[in-house]
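Below is one structure, written out as C-alpha cells; the observations come after it.
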Amino acid sequence: MAKKKIIILGNRGFLGAALYDFLRKKDESEIMGFNSSNLNLKSPSILNQIINCADKNTTIVSTARASSEPDPLKTFNQDLAITSNIAQFLKKTPVKKFVYNSSISIYGEDTANLGITEETKIAPSSHYGISKFTSEELLRKAAKEQETPFVVLRPCMIYGPGYVGLPYGPDRMVDSLVKNNQVEIFGDGSDRRDFLFINDFIKIIKIFIGDNCCGTYNLGTGDNYSPWNIVRILRSLTGNDFPVIKLKRTKPKINQKLDISKLKGILKDYVFTSLEIGLKRSLRSFQGMNSFNMLNTTTKETSL
C-alpha cells in the first residue's frame, strides 16, 4: 500500500512552519514542504514540480500567501498569481484532499456581528479579504473538476510563539510589553474579537486532514475578547502594573464573534487553549527571544 503524503504549501510562514514541524513529529505520513526558497508559487513552472510529488494518497494544505508589499494591490496580484497556479495544478492532478487556509476577513474587517456563521454575507473590505474569497472560489472550482475533496477553513486572528508579523492583537501587545514595558491600544480598547492559539490551529488542521469531511468552516474558539482582557491577563501573569498607551483610532471599532457550531461537529469534545494559557506561553517565548537578541547584541559589541 502506497504511503500517505502530506504537502504543506507555505511551510516557512508562521502557520505553515508550525504545522510542518508538528506533523513531522506527530504524523506517520511522508511530510513535504514548499516555500519561496524552493518553489516560486507565483510562477506557472511550479506545476511539474508539485505534480511529480503528488498522487491520490496526497493531502495538500495551503497556507501560502504573497509577502506583504507597501502597495496592497501588488500583494493582491501576487496572491492571485499563487492561487491561479495552484488551481491549475488541482485541475490536472487528482489528490486525496485539498485544505485551504482562508480568513474571516471575507466577511468584512470593520463590522459588528456577534453571530458570524459560514452563511454570513460575504463582504470583504480589504484587498486581503477580497483575495481570500477569490482564492476560495478559484480553488473550489478547480477541485470540483477533479472531484477532489475540498476544505476551506476561515480562521480568526491566530497568535502564539513564532509570530513575528505582529498585527494588532495579542502578539504585538506581548512584544511591546517585553521590549518597552508598556502596551498600546487603539481608542478606548473596547473592540472585541476572537483569538486562536497556534497550537489549536495545527491540531485542528491535523483533525481535518484525517477526517473524511469537506466544506467550509469558521475556525475560532467561539468567544471574543477586548484588548483590556489581554491587559488584565498580562498584568496578572507578570505582577506588573505596566502603563497602557491609548492611540487614536484609525479604523472603525470591531465587535465580532464566530458561531462555531459547524466546527464543533467535527471537533467533538476538543478543548481550546484558554487565552490566559496562550498568553503565558507567548510571553515566555517573546521573553526568550528578547533575551537572546540582547545577548547576541552584547556579544557583538564586546567583540568589536
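The values are calculated or read from the model by the stated rules, or taken from the named source; none is laboratory data. Everything numeric in this text was worked out from a predicted model, so none of it was measured. Reconstructed Cβ throughout: ideal geometry from the backbone, glycine too, with neighbour counts over all protein chains shown. Protein only, heavy atoms only, side chains kept; ligands, DNA and RNA dropped before computing areas. Shrake-Rupley method; radii C 1.70, N 1.55, O 1.52, S 1.80 Å.
Every residue, every condition in (1) open to solvent by less than 20 Å² (accessible area, probe 1.4 Å); (2) acidic (Asp, Glu); (3) touching an Asp or Glu at 6+ places or on another chain (Cβ under 6 Å); (4) outside any strand (DSSP E or B), yes or no:
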{"position": "Ile122", "(1), (2), (3), (4)": "no, no, no, yes"}
{"position": "Ile130", "(1), (2), (3), (4)": "no, no, no, yes"}
{"position": "Phe133", "(1), (2), (3), (4)": "no, no, no, yes"}
{"position": "Glu147", "(1), (2), (3), (4)": "no, yes, no, yes"}
{"position": "Val152", "(1), (2), (3), (4)": "yes, no, yes, no"}
{"position": "Asp171", "(1), (2), (3), (4)": "yes, yes, no, yes"}
Task: Filter result for Ile209 (aliphatic (A, V, I, L, M), under 29 Å from Tyr100 (Cβ atoms), over 12 Å from the mean Cα position of the chain (by Cα) and open to solvent by less than 50 Å² (accessible area, probe 1.4 Å)) - done: yes
- [ ] Specify the residue that is nearest to Arg193 (Cα to Cα); the eligible residues are those in the range 105-120 that are touching a helix residue (DSSP H, G or I) at 6+ places or on another chain (Cβ under 8 Å) and assigned to a loop (DSSP other than H, G, I, E, B).
- [x] Glu109
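Select from the range 1-17 the residues that are of a type in the set (D, E, K, R) and touching a residue at least 40 places away in the same chain (Cβ under 8 Å) and write down the one among them that is surrounded by the most Cβ atoms within 10 Å (Cβ to Cβ).
The extreme case among them is Lys5.
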Open item on the list: Can you tell me which condition Tyr20 does not meet? The list is (1) in contact (Cβ under 8 Å) with a residue 24 or more places away in the chain; (2) crowded, with 16+ Cβ neighbours inside 10 Å; (3) not in a loop (DSSP other than H, G, I, E, B), and all the others hold.
Closed with: (1)
Open item on the list: Suppose the filter is at negative phi, buried (at least 21 other Cβ atoms within 10 Å of the Cβ) and not in a strand (DSSP E or B); does Ala142 pass it?
Closed with: yes
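Go through the range 23-58 and give me each residue that's touching a residue at least 40 places away in the same chain (Cβ under 8 Å) and either touching a Phe, Trp or Tyr at 6+ places or on another chain (Cβ under 9 Å) or open to solvent by less than 40 Å² (accessible area, probe 1.4 Å) (or both). If you could, list the steps in order and put the result at the bottom.
Filtering the range 23-58 for residues touching a residue at least 40 places away in the same chain (Cβ under 8 Å) gives 23, 26-27, 41-44, 46-47, 50-51, 53-58.
Once the filter is applied, which keeps residues that are touching a residue at least 40 places away in the same chain (Cβ under 8 Å) and either touching a Phe, Trp or Tyr at 6+ places or on another chain (Cβ under 9 Å) or open to solvent by less than 40 Å² (accessible area, probe 1.4 Å) (or both), the range 23-58 yields Leu23, Asp27, Leu41, Ser43, Ile46, Leu47, Ile50, Ile51, Cys53, Ala54, Thr58.
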Task: Search result, residues across the range 202-252 that are under 14 Å from Val151 (Cβ atoms) and part of a helix (DSSP H, G or I) - done: Ile204, Ile205, Lys206, Ile207, Phe208, Ile209, Gly210
Open item on the list: Being open to solvent by less than 10 Å² (accessible area, probe 1.4 Å) and among the aliphatic types (A, V, I, L, M) is the filter here; which residues of the range 173-194 pass it?
Closed with: Met173, Val174, Val183, Ile185
TODO: Mind listing just one residue for me: the one in the range 275-289 that is open to solvent by less than 80 Å² (accessible area, probe 1.4 Å) and over 20 Å from the mean Cα position of the chain (by Cα) and, of those, nearest to Val164 (Cα to Cα)?
DONE: Met289
TODO: Kindly indicate the residue of the range 154-169 that is out of contact with any strand residue (DSSP E or B) (no Cβ under 9 Å at 6 or more places or on another chain) and not hydroxyl-bearing (Ser, Thr, Tyr) and also surrounded by the most Cβ atoms within 10 Å (Cβ to Cβ) among those meeting that condition.
DONE: Pro161
